[in-house]
1. Only one of these conditions is not met by Val184: (1) in a helix (DSSP H, G or I); (2) of a type in the set (Val, Ile, Thr); (3) at pLDDT 95 or above; (4) surrounded by fewer than 24 Cβ atoms within 10 Å (Cβ to Cβ). Which number is it?
2. Would you mind stating whether Asp92 is without any contact (Cβ under 8 Å) to a residue 24 or more places away in the chain and of a type in the set (D, E, K, R)?
3. Go through (1) part of a strand (DSSP E or B); (2) open to solvent by 30 Å² or more (accessible area, probe 1.4 Å); (3) in contact with a Pro (Cβ under 8 Å, 6 or more places away or on another chain) one by one and return the number of the condition Gln87 breaks.
4. Check Cys81 against each of (1) surrounded by fewer than 21 Cβ atoms within 10 Å (Cβ to Cβ); (2) assigned to a strand (DSSP E or B) and name the one condition it does not meet.
5. Going residue by residue through region 278-288, is there one that turns out to be in a loop (DSSP other than H, G, I, E, B), open to solvent by 10 Å² or more (accessible area, probe 1.4 Å) and within 29 Å of Thr476 (Cβ to Cβ)?
6. Among the listed residues Val215, Val266, Val259, Val241, which satisfies the condition of being of a type in the set (A, V, I, L, M) and assigned to a loop (DSSP other than H, G, I, E, B)?
7. Checking the conditions here, which among Tyr472, Tyr439, Tyr502 is among the aromatic types (Phe, Trp, Tyr), crowded, with 16+ Cβ neighbours inside 10 Å and part of a loop (DSSP other than H, G, I, E, B)?
8. Being more than 22 Å from the chain's Cα centre (by Cα), surrounded by fewer than 22 Cβ atoms within 10 Å (Cβ to Cβ) and at pLDDT 85 or above is the requirement here; does Ser434 meet it?
Amino acid sequence: MWLDQADGFAEIFRGYLPYYLLVVFPIFIIMSPANPVAASHEFSVYRMQQYDLHTVPHGCRSASFNLEGRSLSSWSMSRHCVVARIQDITIDQFVEIRNKAGALLLVLPKNDTLLTDEQIEHIKLLEMAMMQQEISIPVYFAEWSPDFEDIIKDLQHSFITDDKSGTALEAMFNTVSSNGYQIVVSSPTPAKMDTKPVTLHGKLVGRSGAAQTIVIAAHYDSSSVIPELSFGADSNASGAVAVLELARIFSRLYSTAAVRGGPTLVFMLTSTGHSLNYFATKKWLEEHLDSVDASLLQDISFVMCLDSISSGPLTMHVSKPPKAGSPAQSMKSRIGAPLVHKKINLADELLAWHHERFSIRRMTAFTLSSLQSYKDPSRNTLLDRYSESSFRSIAKNIATTARALASHIYNLTEEENDEDSALYDDALSVDEASIKHWYKFLSTQPRSPQIITATPPNGGVTGALERALSRYMEVTVTSHAVDKREPEYALYPPTRAQLFVYSVKPAVFDLILTLAIIAYLSVVYFAIQLFPRFYEEYAKIVTGKQKIN
């Protein structure tokens, strides 16, 4: 009978089965779907702006990290990467994170148009605070996605502190049951990049014997805390579009000798704006004023800079109030713009407006802008995007500027404008389709200095603008070198990276899981060891009953 084989059966359990269990169970746990450590997601993220200006560092100085993710309310040390929505973090919280945390990951809004005015203003001020000085920790930005929203919510509800728990047992249960995230970015160490700022300029020559020159200038780069998302619709796609449209309008007027104006018109587009202190403009002026042949800028009537002209009515910014009867005063009265006077302070790190570069070289210059102050945070924000209202505003402001400039060039009075209104409007009519095309195009192209100055002059945005301006005049493309010994600025990549998020359990979960496995295996081991004795006793009882029967 099979009962006679009990000893052999017991030997199998006593001698072999526990050893198989000790090997099989850990392997099963490790390879099971319940594995507590697994790669969850991979995201493309944007690194915060990093540059030096006059050897003063600005922005994020680090790129790589491998840290535990925590929410705004649960982080506490340098081993934590704080994950939050950009509209939720305050400036005070950012300062504390900058000084004490290990990294910062901010998720951008799902839809900019759904933000309240208070949230928009808050994000702009936060960007300004982030760029005021260097940040030693890595700072990254991610576009909104359902996965990121789930991660943020998970982090907000996973880590419940002891003071929020009713009992010690509840606190331990919350800790064990919570889900954590390990966040990893592996990126090259930031190093200075080679850049070649570019200036495009062309001219429409006035009537013979008229030596005066009017310069119409704008920078076409943009600035924000995220280089890859610096679209700058108002600042300064609007200014670049205005230069192109004014070039088109006046190229028609200057195409025939009968209606050609007296002064020569120079149209200028430069690739470095206020964030780099108008470096390309400075170099361009040095090359044309300090060279043997300085005929292009020999007799300047005035310089008109266009900056951020699509967010409302125009304001004229000057470093010195124009004198009565001067060309600048003529333009002010014809445009009907209020005047804002600010003296140049060479002790400041940055110049306030583009025209100050020309004013330093003793040229009459002014800036037309929809902004009332050079400190307006709208000049350096990632929220500066295209909108239909801004398009209508830029078209109106270009038409106003073109009419005022033509009135000045041809010395027309208000009465003469009214008499020849139909002819005048036809000659100076703006091409709204062209304005909309270029405004939309530039507003969808990231134009931070890292991207603009690293692109060959015949490619990217620079190449597109050069080809557009070449339709109306001969264009000269000038590349400017940065002094490598004493650079006025330095730019640093990378501007984007891959971020990996791993779903993990806290360390106490691993400890409890290990103890549970040990306890389980111990119970199984001792149960198997004692099974032969139990089986023998059971066999005796069964065989005894059989004999009685």
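1. Unmet condition: (1).
2. Considered against the rule, which asks whether it is without any contact (Cβ under 8 Å) to a residue 24 or more places away in the chain and of a type in the set (D, E, K, R), Asp92 comes out as yes.
3. The single condition Gln87 does not satisfy is (1).
4. It is condition (1) that Cys81 fails.
5. No.
6. Step by step, each of Val215, Val266, Val259, Val241 is checked, and only Val259 is of a type in the set (A, V, I, L, M) and assigned to a loop (DSSP other than H, G, I, E, B).
7. Matching residue, one of Tyr472, Tyr439, Tyr502: Tyr472.
8. Details: more than 22 Å from the chain's Cα centre (by Cα): yes; surrounded by fewer than 22 Cβ atoms within 10 Å (Cβ to Cβ): yes; at pLDDT 85 or above: yes.
So Ser434 fits the description; yes.
The values are calculated or read from the model by the stated rules, or taken from the named source; none is laboratory data. Fair warning: this is a prediction, and the values are worked out from it, not measured in the lab. Virtual Cβ from ideal backbone geometry, glycine too; neighbours counted across all protein chains shown. Protein only, heavy atoms only, side chains kept; ligands, DNA and RNA dropped before computing areas. Shrake-Rupley method; radii C 1.70, N 1.55, O 1.52, S 1.80 Å.
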